[in-house]
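Engineer: Here it is, the structure in full.
We did not get these values from a lab; they are worked out from the coordinates using the rules stated. Bear in mind that the values here come from a model prediction, so they are computed numbers and not experimental data. Here Cβ is always computed from backbone atoms with ideal geometry, including for glycine, and neighbour counts include all displayed protein chains.
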Amino acid sequence: MRCGKIVCVGQNYREHVREMRSAEPTEPVLFLKPATALIGDGDPIRIPAGIGTVHHEVELALIIGTGGRDIEERKALAHVSHAAVFNDVTARDMQAAARRAGLPWALAKGIDTFAPMGAPVPFERIRDVHALGLELRVNGERRQKGSTAQMIFPPEALISYISRFMTLEPGDIIATGTPSGVGPLVPGDVVEAMVDEAGAVRNPVEGR
Ligand code: MG
């Protein structure tokens, strides 16, 4: 499957908004990751030297099968072909410095290997996208646990909103945001992200 753009949603779970000391958004907060950041199950996350703290973020990813623009919410899920588990790896210190300076934080999210994604599962196999458990473990210890029921903007709202501004194309990935419990990854760790019915992605962490 060709991957086009990776559209990520920030601050889409209330408890995570709180832990980031952000204000609850009134519209979805969007940013992009380059396709070159994507890796699969078992591939190492490589942290460049000197970038400070790096965090994990377990998320549900939705993969677009049928493209479109100005997609209506009630038809939005028909545009999704697959679901997958996604880890929105984030250079948190770089992001915080950019935010303080009022500058874009694209680099903090777009580093090579900072987008692990599990094998896509056909979307028709997902029984209820609004009630999927998410979990993340580091070295076998649980760090994040949540449910897609806690999203501020549910999948249909996200797809509709994004498509008002960016045409969605087959193969585009939407990462729908992370629940609370984000925390550090360091070389030597093994991180495993899981979403009910959408599988798991497990990656060793290495320095670079
Ligand atoms: Mg995220």
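Engineer: So what is the calculated 222 nm ellipticity per residue for the chain, using -39500 (n - 2.57) for each DSSP H run with n of 4 or more, over all residues, to the nearest 500 deg cm²/dmol? The partial results should precede the final answer.
Structural biologist: On the way: 4 runs with 31 residues, N = 208.
The per-residue figure over the chain is -4000 deg cm²/dmol.
Engineer: Which ³J(HN,Hα) values in Hz, rounded to whole numbers, follow from the phi angles of segment 90-96 under the Karplus curve 6.51 cos²θ - 1.76 cosθ + 1.60, where θ = phi - 60° and Gly and Pro get x?
Structural biologist: With coefficients 6.51, -1.76 and 1.60, one gets 9, 7, 5, 5, 5, 5, 5 Hz.
Engineer: Mind checking which of Ser163, Ser180, Ser22 has the largest fluctuation in a GNM of the chain, springs on alpha carbons under 10 Å?
Structural biologist: Judging by the Gaussian network model, the answer is Ser22.
Engineer: Compute the distance in nm between two label points, each set 7 Å from the Cα along the Cα-to-Cβ direction, one at Met166 and one at Ala96.
Structural biologist: 2.6 nm
Engineer: Once the piece of chain linking Arg14 and Asp43 is laid out straight, how much longer is it, given 0.36 nm per residue of separation minus the C-alpha distance between them?
Structural biologist: On the way: separation 29, 0.36 × 29 = 10.44 nm, distance 3.08 nm.
Residue separation times 0.36 nm, minus the Cα-Cα distance, leaves 7.4 nm.
Engineer: Let me check against my output: what whole-number percent is the relative contact order of segment 52-162, with C-alpha pairs under 8 Å and at least 6 apart?
Structural biologist: Numbers: 178 pairs, mean separation 32.4, N = 111.
Once normalised by length, the contact order is 29 percent.
Engineer: Contour minus end-to-end for Leu107 and Arg21, with contour as 0.36 nm per residue of separation and end-to-end as the Cα-Cα distance? Working shown, then result.
Structural biologist: Numbers: separation 86, 0.36 × 86 = 30.96 nm, distance 2.12 nm.
Difference between extended and current length: 28.8 nm.
Engineer: When the C-alpha atoms of the chain are aligned to their principal axes, what extent does each axis show, in angstrom, from largest down?
Structural biologist: Largest to smallest, the principal-axis extents are 44, 36, 30 Å.
Engineer: Working from Cα positions, state the angle (0 to 90°, nearest 10) between the long axis of helix 155-165 and the longest principal axis of the chain.
Structural biologist: 90 degrees
Engineer: Among Asn12, Asn139, Asn87, whose mean-square fluctuation peaks in a Gaussian network model of the chain (Cα, cutoff 10 Å)?
Structural biologist: Of Asn12, Asn139, Asn87, the Gaussian network model singles out Asn139 as fluctuating most.
Engineer: Once you charge only the Cβ atoms, +1 for Lys and Arg and -1 for Asp and Glu, what is the size of the charge dipole of the chain about its Cα centre, to the nearest 20 debye? Present the calculation step by step, with values, prior to reporting the outcome.
Structural biologist: Details: 23 positive and 26 negative charges, 85 e Å.
Using only the charged Cβ atoms, the result is roughly 420 debye.
Engineer: Among all the lysines, which ones have a C-alpha under 24 Å from Lys75's C-alpha, if same-chain residues fewer than 8 places away are not counted?
Structural biologist: Correct list for Lys75: Lys5.
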